[in-house]
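Nothing in this text is a laboratory measurement; each read-out follows from the coordinates by a stated rule. On a predicted model such as this, the values are computed, not experimentally measured, just so you know. Virtual Cβ from ideal backbone geometry, glycine too; neighbours counted across all protein chains shown.
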Amino acid sequence: MRIYLLLAHPDLDSFNGRLAAAYADKARALGHEVRRQNLGEMHFDPVLWHGYRQIQPLEPDLAKAQENITWCEKWVILYPIWWGSVPALLKGFFDRTLYSDFAYRYHDKDPFWDKLLKGRSAHVITTSDAPTPWIWWQYRNSDINAVRRATLEFCGFKPVRVTRIDRMKDLTDAQKLGRIEHALNTI
């Protein structure tokens, strides 16, 4: 399988960074092809200055991301939940990379659209200090609604699997390693 792994935590030395490295290593050991990008190392303007009225030229890192998305059969996105949502850099990445005529195309005479990235699956792996029930109850899974439903499924990714690693602030190093092993069992 061709896997595009996007680490959406800006700190490579974070738990998310260690998880991304372990995921890529295990996927390769299982015979999968893996391409990885780290948002914290990418150079691009995350602001969509003219909305979707005018397409901004893509910086080389975003052009490479589009190439990786087109290439992959499975897109894996790892990110921490900050303030009940995704890191701002990930939102800017989506805004700039997944625009019309690449990820979707609206119909002219009805309210529907073509999902141009059909035929691919996705796996969203999140980390948070809060317990998963709190994220559901207090935030109504706002990050998953945005990433899974309003972004990936909108563009055609299906199925979109979600793995949550919660209570990070309360986990021992041994428990964190156990969470990494559990997440790797989903490859």
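Residue count for region 116-151 under the criterion of being in a strand (DSSP E or B) and under 30 Å from D101 (Cα atoms): the result is 6. Filter region 92-115 down to residues that are part of a strand (DSSP E or B) and either in contact with an Asp or Glu (Cβ under 6 Å, 6 or more places away or on another chain) or within 24 Å of A183 (Cα to Cα) (or both), then give me how many there are. Final tally of qualifying residues: 1. Here P46 meets the list (1) farther than 28 Å from I180 by Cα; (2) out of contact with any Leu (no Cβ under 9 Å at 6 or more places or on another chain) almost entirely, failing just condition (2). Within region 133-145, residues that are touching a residue at least 60 places away in the same chain (Cβ under 8 Å) sit with their Cβ atoms under 9 Å from residues that are among the aliphatic types (A, V, I, L, M), at 6+ positions apart or across chains, in these pairs: D143/I81; D143/V86; D143/V124; D143/I135. Do we have K169 as out of contact with any Cys (no Cβ under 7 Å at 6 or more places or on another chain), under 23 Å from A29 (Cα atoms) and either touching a residue at least 24 places away in the same chain (Cβ under 8 Å) or assigned to a helix (DSSP H, G or I) (or both) here? In short, no. Residues in region 1-16 that are surrounded by fewer than 23 Cβ atoms within 10 Å (Cβ to Cβ) and part of a loop (DSSP other than H, G, I, E, B): 6 in all. Filter region 44-77 for residues that are touching a residue at least 40 places away in the same chain (Cβ under 8 Å), closer than 15 Å to D95 by Cβ and assigned to a loop (DSSP other than H, G, I, E, B) and give the result. Passing the criteria: F44, D45, P46, V47, L48, Y52, I55, Q56.
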